[in-house]
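First up is the structure itself, then whatever we jot down about it.
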Amino acid sequence: MLWWHWSILGFSLIGIEILTLGGLGNFYFLFFGMAALMVTGLTWSGLVEAAWLQWFLFAILGIISLLVMKKPLQNKRTLNGNDEPDVDSMVGEIAKVLEPLEPQAMGKVELRGSTWNARNAGESLLDTNSIAKIVRVDGLTVWIQAESLTQEE
């Protein structure tokens, strides 16, 4: 194969990996795409000319890089669709109410330095700048109740 065939194959496999991160996210295409790009360099430089050797190197480089690098990359930052951040650890934390919230109404709170959607799970009105306790996390919405502490500015 010509060097640019390997280049097209490599970039195509990396593109497939990028497009499927939400679904597969297991880095299979990434490593074989990188292997194809390595074979591109070897073929372009004239070090490997036989087609069988190119395919052999592609397979070996892809398998070796998959075995050596997949686990460390997954441990570095989990990209699998099945893995979710541990938001349940937020239960019991304190949030600052950013707008008045009637009971069972939706609004905004500040938590961990960012703004979150919140639902007032309590029976009392939560005023702006009041303190609320996280009692439940439902997706990107935190359920809050009035806390006995008051926020002073």
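Things to note:
- Annotation note: of GLU99, GLU110, the sole residue that is among the acidic types (Asp, Glu), over 17 Å from SER89 (Cβ atoms) and not in a strand (DSSP E or B) is GLU99.
- Filter result (of a type in the set (Asp, Glu) and at pLDDT 90 or above) within region 125-148: ASP127
- The requirement of being among the aliphatic types (A, V, I, L, M), exposed (fewer than 14 other Cβ atoms within 10 Å of the Cβ) and touching a helix residue (DSSP H, G or I) at 6+ places or on another chain (Cβ under 9 Å) is not satisfied by LEU30.
The values are calculated or read from the model by the stated rules, or taken from the named source; none is laboratory data. Because the structure is a prediction, the values reported are computed rather than measured. Every residue, glycine as well, gets a Cβ built from its backbone with ideal geometry; the counts of neighbours run over all protein chains shown.
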